[in-house]
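Asks: Sharing a structure below in structure tokens format, with a few things to ask.
The values are calculated or read from the model by the stated rules, or taken from the named source; none is laboratory data. Computed from a prediction, not measured in an experiment: that's the story for all the values here. Cβ: placed from backbone, ideal geometry, glycine included. Neighbour counts: every protein chain shown. Quick note on the areas: whole protein, heavy atoms, side chains included, nothing else; ligands and nucleic acids left out. Shrake-Rupley method; radii C 1.70, N 1.55, O 1.52, S 1.80 Å.
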Amino acid sequence: MMKISRQERMGLGLVAPSFFFLLVFFIIPAILLFVCSFWMAQAFRLIPAFTFDNYARALSNTGFYFLTWNALKNGLCTAVLTVVLSFPAAYFIVYRTRGNLLFYLILVSWFSSYLVRIYAWRVILGSNGLINTTLMQLGLIDQPLEMLLFSPFATIVTLTHIMLPFGLLLLVSALRDVKKEYVEAARDLGASQTEVLTRVILPMCYKGVVGAFMFTFVISAGDFVTPQLLGGRDGMTTGILIANQFRTAGNWPFGAAMAFLLLAAFLVVYLGFVRLLDLLRLAPGRRFHD
Amino acid sequence: MSTPNIVELYGVTKAFGALTVLHDIDLGIREGEILTLLGPSGCGKTTLMRIIAGFEATTHGRVTIKGSDVSYLPPDKRPVNMVFQRYALFPHLDVFDNVAFGLRLKKWPKERVREAVQHMLHLVQLDDYGSRWIHELSGGQAQRVALARALVNAPSVLLLDEPLAALDLKIRHHMLAELKRIHQETGTTFIYVTHDQDEATILSDRIVLMNKGCIEQIGTPEEMYAHPGSLFCARFLGETNILSGAVSATDSEATFVNVGPGTAKVPANGTAVLLGQSVSLAIRPEALQVARIGAGEAAPEGVNALEGVVDDVVFMGSRVVYSIRTPIETIKYQETRSLDGSMLARGERVRASWRPEAAVLLTR
Amino acid sequence: MLRFYVWLYVAFLYAPIAIITLFSFHSSASLTFPFEGVSLRWYAKIFSDTTFLNSLTNSLIVGASTAAVTTVLGSLTALGLARLKGRIQTVFGLLAFGPVALPGLFLGIALVMLFSQVGLQRSLVTVTIAHVLFTLPFFIEAVRSRIEYFDLSLEEAARDLGATPLQSFRLVTLPIIGPTIGGAAILSFALSFDEFIITVFVSGNETTLPLTIWSMMRRAVSPDINAASVISLGLSIGLILIGGLLVWYQRRLALSARAKDLET
Ligand SMILES: Nc1ncnc2c1ncn2[C@@H]1O[C@H](COP(=O)(O)OP(=O)(O)OP(=O)(O)O)[C@@H](O)[C@H]1O
Ligand SMILES: [Mg+2]
């Protein structure tokens, strides 16, 4: 028998409402969605069944692989860019500044609405957009650069712009745990600035780096709005396809199956990323001797 | 120019903004010694040490190590290593990999790294701890690992910034002995920072006493204790009685000072004093002789003596410390506890006297 | 060098927003330089658009309801988590974080599936439910760090002195974590106000501001989107700034009070 203290009983009572809420609106819907991925749809009506047809249909279609590759590519590029671009800024904020003003300045931009930022990039990158017209007025080009907008490039730039502040937040809180003392100890033992980074700072804020990378990756690879508005025809992703099943075309079970396939792909990326860090000797909790 | 000093500081000054925390420090550290930087909190000990290690740049002045100027070398290029106050052991590495950290950066071959690390772990008596994680160590063990991690690099100088501050009293005494042993076995020069005078006297070959960013006095623990150069020094190292008064006479042999109703004679020690100048005398509590004055007996006036009443008696193990209220100061007197129980009691009238050599004349 | 880079980083973050804001005051319909003159015509136009005004009202309603529900649920959860130990705490902590670890798309389709299966009409209510699900993890994370720092034994001391659980909460716990809860509530509001990805699935006939901006964007690039965007930006950023200042001010009050305590 497990003994439960009064404090713990009270704790359970306090988390109960949220637990109930999450059960009803998170766990049950997720299970329902999973169950539904084995159903059938006929004439926009769901028919309970147990069939793997939806999965088979997705997996036998080369288009699905192409769209999923696009989604993963968007996610990977955005995640790499976000982490690589934010890390130096986070480093600067943690080790080189006293106050938090700069940090807050960056965080505030997180709240500049998602759609507005997509819209802004459309204005900037469009063929009559700011960059093209400016370049043409300067006489550097005579035709608008069409590939700026409606391309994976536009999608990735925009998603990176959207993800930077939150990625930075995660990295800053991870770096705050790596006290200056550890950096100095490493320097004292003969590490150059790069060696301090690879042998001390990165392994010590491993969780933050993995968190920032995966969070950015999942959100951008699963995003369907940015690629739809800015990605162009070649930038179509699985996310758009799934969203369409639920908004227009209406084959929900097929959409659900694709959603779970996409999640599985995310899991593979996660495992791959963790393995990569391990191979690069950036993971903590490893012994280097026998 | 060759020098017997392994580290030399020339006119080192350090300012943080408008606040100058080190003033024109000149200091030489001899090869193989344990030199302690001692002083009250905030006097600049850590800053001085960080300047030697290369974590702070000097505002003015130069630092040389083994005769070559290192003022502009970054910390990783200096042949010194540091033991941090809270150890700063890397939590993502185990004990072995922590100790091996510096050697691996120097690209030592695997076999040699292992030998050196095992040798070091043996030296700090942690032979079987190589695979422990840092959070599995006690405070004293973490301290040893920090020592091993620094010493394995065979630094010219080992810097220790209050390494025992985080340990409790018992382990601290044990670690002091260990530090001494390790110092003897390795022969490395130690620069040791502390604000604890006991640690400093137990451990040091020489003590550098610092005050408000300046060096107050340098000397062996015995010298510092027996011949404090200033009031600050006399007060900081050990218990002492300070009597102030004006110079009443002076000749080539001795100086005479009016202390309260009596006069004190101090042998001349080269300190120049003027007639009438106010000076202080420092007399250690154990250098006094105290005798009872019987009831009705007149107190003998005289040189180097004060009359008073026992105010308080405190037992400190094998010693007894008395507070004696005299007309000018309450002074402390200390003696080893006698077994026959012939101790003074509170309220008894006594006469405290001292030999002329026992008093140190201080002009600042 | 690094400093220069960081300012570049900040400039990159703000440049698009600055450009949109600039062109929302443009007197002509062109979205390119040279800038021809300043006018408020696009604001006038958008404020006479009833769809826009309706959706703005809806967004404010949803934001406020979301903030209210999230604050109640989230505060209870954060307080509860502080009392739990070991595995239960870890598991529930992970569960509460779940909704943001998955893409919004996934939450959207899962919810729409649930609503259709139980026959719940899509409306502002379903939107609010979705927004609570999305903001709850952020709220809990924001408040938890503060509560972990807060000492449970303070509450116990109050109980020991004869306070009922509610009294000890009101007199001891709330004053300490109050500012943080206020800040997190504002955070929830701002997150809800900008939420689009899940909303697109669970909304009915009544639209929210992002949905309106979305349909404007799909129609054509017209400068009144700029004005609508700036209003949306201004509201959420302004709110966050106010929230941040509030939390900061409260903390400073608390700190100076503590400093005074130490002096006496
Ligand atoms: N980075 C810094 N910026 C500004 N002032 C500093 C900095 N580092 C130290 N100081 C100041 O320099 C003075 C000396 O500090 P230091 O740390 O050297 O003292 P310390 O002798 O080691 O004291 P303690 O025994 O308390 O460790 C202090 O007044 C301190 O406030
Ligand atoms: Mg110090």
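Asks: Show the residues, 5+ positions off or on another chain, whose built amide H is closer than 5 Å to the amide H of B:V157.
Replies: B:N81
Asks: Hand me the chymotrypsin sites (Phe, Trp or Tyr not before Pro) from segment C:1-96 located in a DSSP loop with no more than 16 other Cβ atoms within 10 Å, in residue order please. Intermediate values should be presented prior to the final figure.
Replies: Details: sites: C:F4, C:Y5, C:W7, C:Y9, C:F12, C:Y14, C:F23, C:F25, C:F35, C:W42, C:Y43, C:F47, C:F52, C:F92; in loops: C:F25, C:F35.
For chymotrypsin sites (Phe, Trp or Tyr not before Pro) across segment C:1-96 that sit outside H, G, I, E and B with at most 16 neighbouring Cβ atoms in 10 Å, the list reads C:F35.
Asks: Name the residue from B:L27, C:S65, B:P228 whose Cα lies farthest towards the positive end of the charge dipole of the protein assembly as shown, charges +1 on Cβ of Lys and Arg and -1 on Cβ of Asp and Glu.
Replies: It is C:S65, whose Cα lies furthest towards the positive end.
Asks: Can you pull the semi-axes for the protein assembly as shown, root of five times each eigenvalue of the Cα gyration tensor, sorted largest first, whole Å? Before the final figure, lay out each step's value.
Replies: Working: eigenvalues 1011, 202, 171 Å².
Over the Cα atoms of the protein assembly as shown, the ellipsoid semi-axes are 71, 32, 29 Å.
Asks: With θ taken as phi - 60° and the coefficients 6.51, -1.76 and 1.60, list the Karplus ³J(HN,Hα) couplings across segment C:49-62 in order, rounded to whole Hz; mark glycine and proline as x.
Replies: For segment C:49-62, the Karplus curve yields 8, 5, 4, 4, 4, 4, 5, 4, 4, 4, 4, 5, 5, 4 Hz.
Asks: Provide the convex hull volume over Cα atoms per residue for segment A:138-267, in Å³. If you can, show how the numbers build up before the last one.
Replies: Working: hull volume 21.2 nm³, N = 130.
Convex hull of Cα atoms, per residue: 163 Å³.
Asks: From the helices alone, meaning DSSP H stretches of at least four residues, give me the mean residue ellipticity at 222 nm for chain A, per-run term -39500 (n - 2.57), in deg cm²/dmol to the nearest 500.
Replies: On the way: 14 runs with 191 residues, N = 290.
Estimated from H runs of four or more residues: -21000 deg cm²/dmol.
Asks: What's the total accessible area buried between chains B and A, using a 1.4 Å probe, rounded to the nearest 100 Å²? Kindly include the intermediate steps, with their values, before the conclusion.
Replies: On the way: alone 17860 and 18190 Å², together 33500 Å².
Chains B and A together bury approximately 2500 Å².
Asks: Moving to a separate point now. Hey, got the Cα dimensions of segment C:51-259 along the principal axes, in Å, largest first?
Replies: 65, 41, 25
Asks: Starting at the first residue of segment B:144-156, write each ³J(HN,Hα) from the Karplus equation 6.51 cos²θ - 1.76 cosθ + 1.60 with θ = phi - 60°, in whole Hz, x for Gly and Pro.
Replies: The phi angles translate into 5, 5, 4, 4, 4, 4, 7, 6, 4, 7, 6, x, 5 Hz.
Asks: What does the buried accessible surface come to for C and A, summed over both chains, with the probe at 1.4 Å? Round to 100 Å². Walk me through the numbers on the way to the answer.
Replies: Working: alone 15980 and 18190 Å², together 26650 Å².
Roughly 7500 Å² of accessible surface disappears when C and A pair.
Asks: List the trypsin sites (Lys or Arg not before Pro) in segment A:1-107 that DSSP assigns to loop (not H, G, I, E or B) and whose Cβ has at most 16 other Cβ atoms within 10 Å. Which are they? Walk me through the intermediate numbers first.
Replies: Values: sites: A:K3, A:R6, A:R9, A:R45, A:R57, A:K73, A:R96, A:R98; in loops: A:K3, A:R98.
For trypsin sites (Lys or Arg not before Pro) across segment A:1-107 that sit outside H, G, I, E and B with at most 16 neighbouring Cβ atoms in 10 Å, the list reads A:K3, A:R98.
Asks: Expressed as a fraction of 2.2 N^0.38 Å, the rule-of-thumb size for a compact globular protein of N residues, what is the C-alpha radius of gyration of segment C:1-115?
Replies: Compared with the compact-globule rule of thumb, segment C:1-115 sits at 1.69.
Asks: Rounded to the nearest 500, what is the 222 nm mean residue ellipticity of chain C from helices alone, with -39500 (n - 2.57) per DSSP H run of 4+ residues and division by all residues? Don't skip to the end; give the middle numbers.
Replies: Working: 12 runs with 211 residues, N = 264.
The helix-only estimate for chain C comes to -27000 deg cm²/dmol at 222 nm.
Asks: Another question, if that's okay. Lysine pairs in chain B with alpha-carbon atoms under 29 Å apart, 8 or more places apart or on different chains: how many are there?
Replies: So the count works out to 24.
Asks: Report ³J(HN,Hα) in whole Hz for each residue of segment B:187-195, in order, from the Karplus equation J = 6.51 cos²θ - 1.76 cosθ + 1.60 where θ = phi - 60°; Gly and Pro get x.
Replies: Per residue, the Karplus-derived 3J(HN,Hα) values read x, 6, 6, 10, 10, 10, 9, 7, 10 Hz.
Asks: What value in Å³ per residue do you get for the convex hull of the alpha-carbon atoms in chain A? Before the final figure, lay out each step's value.
Replies: Working: hull volume 72.7 nm³, N = 290.
In chain A, the Cα hull volume divided by residue count equals 251 Å³.
Asks: Per residue, how many Å² of accessible area does chain A show with a 1.4 Å probe? Walk me through the numbers on the way to the answer.
Replies: On the way: 13130 Å² over 290 residues.
Per-residue accessible area for chain A comes out at 45 Å².
Asks: What part of the accessible area of chain B, given as a whole %, is carbon or sulfur when the probe is 1.4 angstrom? Don't skip to the end; give the middle numbers.
Replies: Details: 8520 of 16620 Å².
So the carbon and sulfur contribution to the accessible surface is 51 percent.
Asks: For segment A:190-290, list log₁₀ I(q)/I(0) at each q in 0.21, 0.24, 0.25 Å⁻¹, using the Debye formula over Cα point scatterers of equal strength and ignoring solvent, two decimals each.
Replies: Per q value, in the given order, log10 I(q)/I(0) is -1.06, -1.23, -1.28.
Asks: For segment C:1-40, just run the numbers: alpha carbon Rg, then divide by 2.2 N^0.38 Å, N being how many residues it has. Don't skip to the answer; put the middle values down first.
Replies: On the way: Rg = 13.6 Å, N = 40, 2.2 N^0.38 = 8.9 Å.
Relative to the 2.2 N^0.38 Å estimate, segment C:1-40 comes out at 1.52.
Asks: Name all residues of segment B:3-40 having a backbone nitrogen under 11 Å from the label point set 7 Å from the Cα of B:E223 along its Cα→Cβ direction, giving them as ranges.
Replies: Under 11 Å, as judged by backbone N against the label point of B:E223, lies no residue of segment B:3-40.
Asks: Under the rule of at least 5 residues apart or a separate chain, name every residue whose amide H is placed under 5 Å from the amide H of B:Q217.
Replies: The list, which skips near neighbours in sequence, is B:L209.
Asks: Let me ask something additional. Which residue, B:P40, A:T62, B:Y322, has the largest displacement toward the positive end of the dipole of the protein assembly as shown when charges sit on each Cβ (Lys, Arg +1; Asp, Glu -1)?
Replies: A:T62
Asks: Where nothing but the Cβ of Lys and Arg (+1) and of Asp and Glu (-1) is charged, how large is the charge dipole of segment A:29-279 around its Cα centre, in debye to the nearest 20? Show your work: numbers first, answer last.
Replies: Details: 16 positive and 11 negative charges, 75 e Å.
Result for segment A:29-279 is approximately 360 debye, rounded to the nearest 20.
Asks: Among all the lysines, which ones have a C-alpha under 17 Å from C:K85's C-alpha, if same-chain residues fewer than 8 places away are not counted?
Replies: Those lysines meeting the cut-off are A:K3.
Asks: Under 12 Å from the Cβ of B:T194, count the other residues' Cβ atoms, weight Lys and Arg +1, Asp and Glu -1, and hand me the total.
Replies: On the way: positive: B:K45, B:R172; negative: B:D161, B:E162, B:D196, B:D198, B:E199.
Residues close to B:T194 contribute a combined charge of -3.
Asks: Under a Cβ-only charge scheme (Lys and Arg +1, Asp and Glu -1), can you give me the dipole magnitude of the protein assembly as shown about the Cα centre, in debye to the nearest 20?
Replies: On the way: 76 positive and 68 negative charges, 479 e Å.
Result for the protein assembly as shown is approximately 2300 debye, rounded to the nearest 20.
Asks: Counting only protein heavy atoms and using a 1.4 Å probe, what share of the accessible area of segment A:29-279 belongs to carbon plus sulfur, as a whole percent? Show your work: numbers first, answer last.
Replies: On the way: 6950 of 10430 Å².
The value for segment A:29-279 is 67 percent carbon and sulfur by accessible area.
Asks: Tell me what chain B gives for mean residue ellipticity at 222 nm when only DSSP H runs of n ≥ 4 count, each as -39,500 (n - 2.57), the sum divided by the residue total, rounded to 500 deg cm²/dmol. Write out the running numbers ahead of the final one.
Replies: Values: 8 runs with 84 residues, N = 364.
Rounded to the nearest 500, it is -7000 deg cm²/dmol.
Asks: Carbon-plus-sulfur fraction of the accessible area of segment C:51-259, 1.4 Å probe, in percent?
Replies: Numbers: 5690 of 8670 Å².
Answer for segment C:51-259 is 66 percent, counting heavy atoms of protein chains only.
Asks: Heavy-atom accessible area per residue, chain B, 1.4 Å probe: how many Å²? Before the final figure, lay out each step's value.
Replies: Values: 16620 Å² over 364 residues.
In whole numbers, chain B has 46 Å² accessible per residue.
Asks: OK, next. Using only alpha carbon positions, build the gyration tensor of chain B, then give the equivalent ellipsoid semi-axes as the square roots of 5 times its eigenvalues, largest first, whole angstrom. Could the numbers behind the result be given before it?
Replies: Details: eigenvalues 456, 134, 45 Å².
Computed over chain B, the values are 48, 26, 15 Å.
Asks: For B:Q85, enumerate residues with amide H under 5 Å from its amide H, sequence gap 5+ or separate chain, H modeled in the peptide plane.
Replies: Hits under the 5 Å cutoff: B:D161.
Asks: Local charge sum around B:T20 (other residues, Cβ-Cβ under 12 Å, Lys/Arg +1, Asp/Glu -1)? Don't skip to the answer; put the middle values down first.
Replies: Values: positive: B:K14, B:K212; negative: B:D24.
Here the count lands on +1.
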